[in-house]
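Encoded as structure tokens, the structure appears first; notes follow it.
None of the figures in this text is laboratory data; all of them are computed from the coordinates on show. None of the values given here were measured: they were computed from a predicted structure. Glycine also receives a Cβ, built like all others from the backbone with ideal geometry; neighbour counts cover every protein chain displayed.
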Amino acid sequence: MNCFDCIVDNEPVPVVGICTVCGAAVCSSCAHVGSQFTRHATGFSSAESSITETRMIACQSCVVALTARHAGRYRFDRPAGRVRQLN
Ligand SMILES: [Zn+2]
Ligand SMILES: [Zn+2]
């Protein structure tokens with residue numbers, strides 16, 4: 001399978017993951033690895049809660065959409081491929 005966004009640009013690139021929002025296959029340059037924070041009730045009042053952080057993979061367009069509207073619920077670092085190149 002090849003990256004959905006890179007195929008659009010006529011440059012087939014192998015996939016490393018799937019965007020968990022829109023389902024597009026993404027390459028290491030297009031995949032953003034981030035976290036989704038979900039609040040859970042732990043008691044009887046709304047003040048009693050905890051937050052679970054889970055890993056999330058998303059494409060560039062979904063990262064822009066999620067962080068623009070729900071900045072407190074999602075956190076994304078740089079694309080996975082670019083993080084690796086810095087090491
Ligand atoms: Zn997406
Ligand atoms: Zn790509």
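Some observations on this one:
- The chain: angle of helix 60-69 to the longest principal axis, Cα-based, in degrees nearest 10: 30 degrees
- Inter-label distance for D77 and M1, nm, one decimal - labels placed 7 Å from Cα along Cα-to-Cβ: 2.3 nm
- For the chain, the list of Cys residues with no other Cys C-beta under 4.7 Å reads C22, C30, C62.
- The convex hull of the Cα atoms of region 4-86, projected and averaged over all directions, covers 6.5 nm².
- Estimated from helices alone, the mean residue ellipticity of the chain at 222 nm is -6500 deg cm²/dmol (sum of -39500 (n - 2.57) over DSSP H runs with n ≥ 4, per residue).
- Mean-position separation - Cα centroids, region 60-75 and region 13-42, in angstrom: 11 Å
- In plain terms, the residue of H32, H40 with the fewest other Cβ atoms within 10 Å comes first and the most crowded comes last, giving H40, H32.
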